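A.B. asks: Take a look at the following structure, please.
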Amino acid sequence: MEHQDQHPLNIVNNSSTGPIMETEKEKLFHEEFMENSIPIEGKNPPTYLLPFRPITAKGDRYRLGEYQESGRCMNILFLGFTGSGKSMLVETMGNYGLGVDFRDPYRFQVKMEESTDRSISHTFFARDARRFPRPVSLIDTPGFQKGTEQICTFVHSNYLDVHAVVYVVQGSQGYPLKWLLYQEAVAINKIPIQG
């Protein structure tokens with residue numbers, strides 16, 4: 001399955017009706033993913049497990065679409081406590097990056113539903129270029145309770161630059177975690193943040 005920047009889903013000008021959104025191209029883009037994905041039983045709306053392919057033999061880095069030289073990949077690291085919603089936010093960002101709208105009668109799933117016991121990245125070479133202008137890697141991590149050393153090792157051993165860090169906090173955890181997030185941020189700063 002090859003999804004490259006050949007169809008960025010731009011606004012086109014139709015001389016008879018004026019500017020229109022390329023909804024037909026977007027529909028075909030999503031249909032191709034549905035055909036090559038595994039339907040997940042019992043989900044409403046219908047949900048399809050995306051056909052990510054391994055980048056490394058360790059099974060901790062995956063890609064969707066073919067590798068592209070155009071533009072450097074942006075790496076986004078998701079941090080927070082176990083159960084704070086990091087994996088759910090990765091799923092939401094994945095659907096957003098593929099151009100899925102909340103009105104669409106289907107969803108895509110980035111990874112199997114399981115607890116995140118180790119850091120894992122999903123790189124979107126195939127994407128809606130209006131939403132993700134360049135390839136994006138979403139890096140899901142285990143909760144802070146499991147320590148930050150594994151996260152640092154993952155980033156360093158894969159030679160990844162981190163361009164953004166997203167701290168995910170449940171609303172009920174808010175203020176009491178401020179000091180702990182600060183301590184973890186200091187510990188995690190062993191990771192070079194690109195800016």
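The values are calculated or read from the model by the stated rules, or taken from the named source; none is laboratory data. Treat the numbers as computed from the prediction; the structure is a model and nothing was measured. Please note: Cβ atoms are built from the backbone with ideal geometry, for glycine as well, and neighbour counts cover all protein chains shown.
A.B. asks: Output the number of the condition that Pro176 fails; it satisfies all remaining conditions of (1) assigned to a helix (DSSP H, G or I); (2) modelled with pLDDT under 90; (3) surrounded by 15 or more Cβ atoms within 10 Å (Cβ to Cβ).
C.D. replies: (3)
A.B. asks: Kindly establish whether Met93 is surrounded by fewer than 16 Cβ atoms within 10 Å (Cβ to Cβ), closer than 27 Å to Thr153 by Cβ and modelled with pLDDT of 90 or more.
C.D. replies: In short, no.
A.B. asks: Here's another thing I want to ask about it. When only residues in the range 59-71 that are in a loop (DSSP other than H, G, I, E, B) and either among the polar types (S, T, N, Q) or closer than 29 Å to Val169 by Cα (or both) count, which is farthest from the chain's Cα centre (by Cα)?
C.D. replies: Only one residue fits best here, namely Ser70.
A.B. asks: I'd like the full set of residues that are at pLDDT below 90 and either under 23 Å from Tyr96 (Cβ atoms) or aromatic (Phe, Trp, Tyr) (or both), limited to the range 135-164.
C.D. replies: Once the filter is applied, which keeps residues that are at pLDDT below 90 and either under 23 Å from Tyr96 (Cβ atoms) or aromatic (Phe, Trp, Tyr) (or both), the range 135-164 yields Phe144, Tyr159, Leu160, Asp161.
A.B. asks: Which condition from (1) within 21 Å of Glu32 (Cβ to Cβ); (2) touching a residue at least 24 places away in the same chain (Cβ under 8 Å); (3) not in a loop (DSSP other than H, G, I, E, B) is the one that Glu91 breaks?
C.D. replies: It is condition (2) that Glu91 fails.
A.B. asks: Being under 16 Å from Ile38 (Cα atoms), more than 11 Å from the chain's Cα centre (by Cα) and assigned to a loop (DSSP other than H, G, I, E, B) is the filter here; which residues of the range 94-117 pass it?
C.D. replies: Tyr106, Met112, Glu113
A.B. asks: Continuing with this model, one more query. What are the residues in the range 31-54 that are among the basic types (Lys, Arg) and under 21 Å from Val136 (Cβ atoms), if any?
C.D. replies: Arg53
A.B. asks: Val136 passes all but one of (1) over 17 Å from the mean Cα position of the chain (by Cα); (2) under 21 Å from Ser37 (Cα atoms); which number fails?
C.D. replies: Going through the list (1) over 17 Å from the mean Cα position of the chain (by Cα); (2) under 21 Å from Ser37 (Cα atoms), Val136 breaks only (1).
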